[in-house]
Amino acid sequence: MDAGTPLDRASRYLHPVAGAWGRFVERLVGFSAWRQLRRWIAARWPMPALVSDVVDVAYMSWWVDIQALPVPPAGYHYPSWEGRTPFTILSYRHGHFGPALAGPFRRLFPSPLQSNWRCYVLREDDSNDAAPTVLFLRNVMDSLPHVVGARLFSDAMQPQLAHSMQHRCDHAIASTRIAPGDGGAPALLAELGVGDPWPPDASWVASFGSRDAAVRFLACQDAAVSIAPDGATAFTVIALPVDLSTVVPLTLRSLHCPMLEQVGADPADALCFLLPRVPFGVVSERLL
């Protein structure tokens, strides 16, 4: 087995198509000398803020067994409800993702698809007052330039490139499909009904006191931690001003996701919802 923890092994890039080009990309984004130089620069000059006008954010959350998850970074733990903790897959389309300094010229930047697979963590030393924080287990995008750029210029975002990816929302159906090919992206095929009545969610209400409180916990985050391929822990401050009044219920109609089976999720216990749009920003990043 490779050295390292499950989280840093999962963050190592694997190209979805075998061959010389894939090996070149893997070596490029894994070039350790560039990583050290970039970290030296980032410690002295802060990264520029990034912004995106995100749309069609589909959240799918389940209760999973904490023992089935990777050990979180030092100083953090999973919140626990009878040995279980929430796990979320959210998929969306960026809206001209790029530096805030670009101003009106940001409309020239493309709008890739992205899917974040995450759990929620609390600080060991400040669980009550710390910013709501997620731990990224996987990140997937459909754009090779964005994957390469994220990996070359950030420790916090280590996306895998999907072999193919679709994410669509209309007035009746939301669907997400991720095909990993030979790469490191997780597989997913999900179809959800838009605007159906909220399904029974007794376990969420019992744990959080109300459905609204559960949705607020799952959607309103101020920070993220992630593990780089060399094991370093990155901490990112994000801006995500969610308007909970715009939340639309989703009903899970079909699902295929091997990773969910590995962590013991019960598909029938899903809490799903849609945010039609939300402004997103990456404010800062640092190594812990």
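The values are calculated or read from the model by the stated rules, or taken from the named source; none is laboratory data. Since the structure is predicted, the reported quantities are computational estimates derived from the model, not experimental observations. Virtual Cβ from ideal backbone geometry, glycine too; neighbours counted across all protein chains shown. Quick note on the areas: whole protein, heavy atoms, side chains included, nothing else; ligands and nucleic acids left out. Shrake-Rupley method; radii C 1.70, N 1.55, O 1.52, S 1.80 Å.
Taking every DSSP beta bridge that has both ends in the chain, the antiparallel portion is near 95%. Normalised by 2.2 N^0.38 Å, where N is the number of residues, the C-alpha radius of gyration of region 62-136 stands at 1.47. Computed over region 197-276, the convex hull of the alpha-carbon atoms projects to a mean area of 7.3 nm². For the chain, the relative contact order works out to 24 percent when only alpha carbon pairs closer than 8 Å and six or more residues apart are counted. The spread of Cα positions in region 153-222, taken along each principal axis and listed from longest to shortest, comes to 41, 32, 20 Å. For region 184-282, what's the relative contact order in percent, using C-alpha pairs closer than 8 Å and at least 6 residues apart? Computed value for region 184-282: 40 percent relative contact order. Residue separation of Ala33 and Gln166 scaled by 0.36 nm, minus their Cα-Cα distance, works out to 44.4 nm of gained length. Highest mobility in the GNM of the chain, judged by mean-square fluctuation with C-alpha springs under 10 Å and restricted to Arg38, Arg84, Arg12, is found for Arg38. For the chain, the alpha carbon convex hull comes to 136 Å³ per residue, rounded to a whole number. Taken about its Cα centre, the chain carries a charge dipole of about 1080 debye when Lys and Arg each add +1 at the Cβ and Asp and Glu each add -1 at the Cβ. Solvent-accessible surface of the chain, averaged per residue with a 1.4 angstrom probe and all protein chains in place: 47 square angstrom. Annotation: region 28-104 has a Kirkwood hydrodynamic radius of 16.6 angstrom, from the mean reciprocal C-alpha pair distance. Taken over region 115-167, the ratio of Cα radius of gyration to 2.2 N^0.38 Å equals 1.41. Please work out the C-alpha center-to-center distance from region 241-270 to region 71-109 and express it in whole Å. Cα centres, region 241-270 to region 71-109: 16 Å. Distance between the modelled labels on Glu261 and Asp222, one decimal in nanometres: 4.0 nm (7 Å Cα→Cβ projection). When the chain is treated as a Gaussian network with alpha carbon springs shorter than 10 Å, the biggest mean-square fluctuation among Asp65, Asp222, Asp170 belongs to Asp170. Computed from phi, the 3J(HN,Hα) profile of region 140-155 under the Karplus parametrisation 6.51, -1.76, 1.60 (θ = phi - 60°) reads 10, 9, 9, 10, 4, x, 5, 4, 5, x, 4, 6, 6, 10, 8, 8 Hz, with x in place of Gly and Pro. Taking the C-alpha atoms only, the angle from helix 32-42 to the longest principal axis of the chain is near 80 degrees. Once you divide the Cα radius of gyration of region 1-138 by 2.2 N^0.38 Å, the number left is 1.27. The alpha-carbon atoms of region 86-225, seen along their principal axes, cover 44, 42, 37 angstrom, with the largest extent given first.
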